[in-house]
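Written out below as structure tokens is the structure these notes cover.
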Amino acid sequence: MTGLPSNSSPNSAADPVLEIRDLCVALPEWADRSMAVKNVSLTVGKGETLCVVGESGSGKSVMARSILRLLPEPHLRIASGAILLDGENLASADEPRMRQIRGGQISMVFQEPMVSLNPLMTVGRQIDEILEVHTDWGKAERRRRVVATFEDVRLPQPESIFGAYPHELSGGQRQRVMIAMSLVLEPKLIIADEPTTALDVTTEAQVLTLMKELQQRHGTALMFITHNFGVVAEIADRVAVMRFGELVEYGSVDDVLTRPQHPYTRALIDAVPSLVPRKHARPADRSTATPIVKVRDLQKTYGRSGSGPSWLARLVPALAGNERKAVKAVNHVDLDIMQGSAVALVGESGSGKSTLARCLIGLERADAGSAIVAGDEIVGRSRSAWRPLRSRVQMVFQDPFASLNPRTKVGDIIARGAILQGEAPDAAAAQARELLELVGLEAKAAERFPHEFSGGQRQRIGIARALAVKPDILIADEPVSALDVSVQKQVLDLLDDLRRRFGLTMLFITHDLRVAAHVCEEIVVLKNGTIVEQGATAEIFANPQHEYTRTLLSSVPGRDWQRQLQQDAASPTP
């Protein structure tokens, strides 16, 4: 495709801050295609938000990094085309000029702030460093500007935040620091690369609202890269859809979201989890059914829980103020999970849902209470005593790459659990190949290493590993939060199919109620370690009782757009 697609927006920016013309970015000779970005042309105007949408590998992040000339040359390089910032071609600018552009005229907000921020420097100093490089201001003036910018992005106690290290802040606060870093010099253009993907829905809603307000206040052009059409519906003025490095659709947000022209765009929109829960079988009658998981008064506290300072603080009094306070991650939880059911455990980051799951699988030891899993009491059980239970309960983790040994072949990873449970190595290896086919991969994938697979494929491998010991209970901890919407739908459908095929009981942990509604017939809402609401999925969606549940539902990005689509689909065609 050369130039703009045929459906390019007639409302393109008349006075563009950024103009990309026929950009091509070449891949190495050994890559699966010749171009990471092929003949892409688009514009971003002052005060405008352009959302660039596409799955992993679509070229959207490569295109964005090309603007700042942050490509890993010579492996990736700009082959042809122009990148014009107020008429200046950045594609041919030298490195000293690009150092002036970066931060000064174009800023970037990255996906994972904990990786982007220096863990050895306070966040205030990291932003102060930008002002030190780009201005001739004194130290006091720079500090005033940084603190004022922290106030602008609504960080609490900005003077204290100035001296904080990244690990001392929450995920949402770290992302606000990154936004402050991008705004401190009031650049002409901000590029935000998936800045809300790792955030829970309430924090995501706050960050999106904040970015839109700040952009309007400062008149900054914003290029927002995402795979989430709900986010697009919340903030976009225009939308560019990329696939395999090419621009397949380009137009106003209303045209693209309500009248998509390209089949790929329609497929992405169709993959967005619905606000209408699936029709599930009615939950088991709790008065007659026997729960496979029965939790009573379960408690888990992190940090110092005793009265008075610890022995270390008594020995070194200066450390007393730095001691971590006690946090009740699981606070007197009662929970029943019936055989064969799928229960969603929903809440924000820090609500205690992952800690509860880790207590149920023996990765954490509860402080008090009772938890009977598959007929056995697990509270107080030693690590060695847990081994016989490993065949009854298994876990699928959030990050499949971090949970898979990068030095071990996939077949061996899957087979290991069965071998530890007494299966013969040859039989376990044969079963591993069968499981790979069951989760939608080829049997020969057993001979490859985890890094040779995409994120969605690695998650399928994690599911196969969990199934290898034939568990009764499957705990899925945010298994799709980092995946593209289309891959997310595939993994959710796979989990639902496997649960029904093998009669699994599933505890599904998520912060997104739409995802929970896709595979679970019951929902348990957790806040600050305490269950605040639980019941049938359809009933909670129709009539949430607790204010926190209502907040989670109202924070889902693009909910108004999705409701309108559902109403349009239900309306009779004239």
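Peptides 422-432, 103-113, 547-557 ranked from most to least packed by the mean count of surrounding Cβ atoms within 10 Å: 103-113, 547-557, 422-432. Packing, taken as the mean count of other beta carbons within 10 Å per residue, orders the peptides 75-88, 201-214, 518-531 from highest to lowest as 518-531, 201-214, 75-88. Between the amide H of Leu27 and those of Met35, Ala36, distances stay under 5 Å, these residues lying 5 or more places away or on another chain, with hydrogens modeled in the peptide plane.
Each residue of segment 457-473 was assigned a 3J(HN,Hα) from its phi angle through the Karplus expression (A = 6.51, B = -1.76, C = 1.60, θ = phi - 60°), giving 5, 5, 5, 4, 5, x, 5, 4, 4, 5, 7, 4, 9, 6, x, 8, 10 Hz with x at Gly and Pro. With R₀ fixed at 25 Å, the C-beta to C-beta distance from Arg448 to Ser34 puts the FRET efficiency at about 0.55.
With a simple spin-label model that places each label point 7 Å from the Cα along the Cα-to-Cβ direction, the separation between Glu186 and Asp376 comes to 6.5 nm.
Assuming 0.36 nm per residue, please report the length gained on full extension of the stretch Leu120 to Asp94 beyond their Cα-Cα distance. Walk me through the numbers on the way to the answer.
Working: separation 26, 0.36 × 26 = 9.36 nm, distance 3.08 nm.
Going from the current span to full extension adds 6.3 nm.
Applying 0.36 nm per residue to the separation of Ala267 and Ser170 and subtracting their alpha-carbon distance, the gain on full extension is 31.5 nm. Neighbours of His451, meaning other residues whose beta-carbon lies under 13 angstrom from its beta-carbon, give a summed charge of +3 when Lys and Arg score +1 and Asp and Glu score -1. Could you work out the relative contact order of the chain, using alpha carbon pairs under 8 angstrom and six or more residues apart, expressed as a whole percent? Dividing the mean separation by the residue count of the chain yields 15 percent. Rounded, prolate or oblate: which one fits segment 334-442, using the alpha carbon gyration tensor with axes a ≥ b ≥ c (rounded when a/c is under 1.5, else prolate when a/b beats b/c, else oblate)? Here segment 334-442 falls in the prolate category. The spacing between segment 427-444 and segment 102-166, judged by their C-alpha centroids, is 49 Å. Farthest toward the positive end of the dipole of the chain, out of Gln431, Val393, Gln421, is the Cα of Gln421, where the dipole comes from beta carbon charges about the Cα centre. Counting only DSSP H runs of at least 4 residues, each contributing -39500 (n - 2.57), and dividing by the residue count of the chain, the helix-based mean residue ellipticity at 222 nm comes to -10500 deg cm²/dmol. Length gained on full extension, Ala430 to Ala326, computed as 0.36 nm times the residue gap minus the Cα-Cα distance: 32.7 nm. Dipole of the chain computed with +1 at Lys/Arg Cβ and -1 at Asp/Glu Cβ about the Cα centre; of Gly57, Leu360, Val239, farthest Cα towards the positive end is Leu360. Its Cα centre serving as origin, the chain has a Cβ charge dipole (Lys and Arg +1, Asp and Glu -1) of approximately 1340 debye. For the chain, a/c is not less than 1.5, where a ≥ b ≥ c are the root eigenvalues of the C-alpha gyration tensor, and a/b tops b/c. That puts it in the prolate class. Couplings 3J(HN,Hα) of segment 428-434, computed from phi: 5, 5, 5, 5, 4, 5, 5 Hz, in residue order, whole Hz [Karplus 6.51 cos²θ - 1.76 cosθ + 1.60, θ = phi - 60°; x for Gly and Pro].
Charge tally for Phe244 (other residues, Cβ to Cβ under 15 Å; Lys, Arg +1; Asp, Glu -1): -1. Our coupling estimate for segment 349-364, obtained by passing each phi through the Karplus curve with A = 6.51, B = -1.76, C = 1.60 and θ = phi - 60°, is 4, x, 7, x, 5, 5, 5, 4, 5, 5, 5, 6, 10, x, 7, 10 Hz, Gly and Pro reported as x. Could you tell me which of rounded, prolate or oblate describes segment 187-282, using a ≥ b ≥ c as the square roots of the eigenvalues of the alpha-carbon gyration tensor, with rounded for a/c under 1.5 and, failing that, prolate when a/b is larger than b/c and oblate otherwise? Verdict is oblate for segment 187-282. Taking a straight Cα-Cα cut-off under 23 Å and skipping sequence neighbours fewer than 8 places away in the same chain, the lysines within cross-link reach of Lys444 are Lys409, Lys470.
Take the residue pairs Lys328/Lys527; Lys139/Lys188; Lys489/Lys527 and return only those whose Cα atoms are more than 21 Å apart. Spell out each step's value before the answer.
Working: Lys328/Lys527 11 Å; Lys139/Lys188 25 Å; Lys489/Lys527 27 Å.
Violating the 21 Å Cα-Cα cut-off are Lys139/Lys188; Lys489/Lys527.
Any read-out appearing in this document is the output of simple, stated calculations on the displayed coordinates, not a laboratory observation. Everything quoted here is computed from the prediction, not taken from an experiment. As a convention, Cβ positions derive from the backbone with ideal geometry for all residues, glycine included, and neighbour counts pool all protein chains shown.
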